[in-house]
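Read the structure below first, then the notes.
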Amino acid sequence: DHKSAVEKLARELKVGELVVTLGPIGAVVFKNGRLLHVDAFKVNAVDTTGAGDCFAAAYITMYLRGRDLYERLLFANAAAAIKVTRPSARASPRYDEVVAFLESLGYKI
């Protein structure tokens, strides 16, 4: 079970916040005893190179903007989903592209 493994790892490492990407399953974050999972978006992947870096950058962006755990994971998953639909490791989406993607699916960011 990936959720209990993430919780166990966070406790063993004694970190305040642990984020783990799970590819097509989504991502989880453990913080302050709380575990949150957000499903991945279903897309047609072309090139997964750089998806993790894109996810991390998007997560940090939302962290720095003061967004909550759910919004951070949602935005990062969306950014990575867009990235994998494009060839090349340098094909990460811009902030406004991620917002537009989420809004097209009914999310408000």
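Values in this text are rule-based calculations from the coordinates and carry no lab data. Because the structure is a prediction, the values reported are computed rather than measured. Heads up, the Cβs are rebuilt from the backbone with ideal geometry, glycines too, and the neighbour counts pull from every protein chain shown.
The table below gives the values:
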read-out	value
Selection within the range 86-109 - within 14 Å of Gly52 (Cα to Cα) and either loosely packed, with under 15 Cβ neighbours inside 10 Å or hydrophobic (A, V, I, L, M, F, W, C) (or both)	Ser88, Ala89, Arg90, Ala91
All positions within the range 56-109 that are among the charged types (D, E, K, R) and more than 10 Å from the chain's Cα centre (by Cα)	Arg65, Arg67, Asp68, Lys83, Arg86, Arg90, Arg94, Asp96, Glu97, Glu103, Lys108
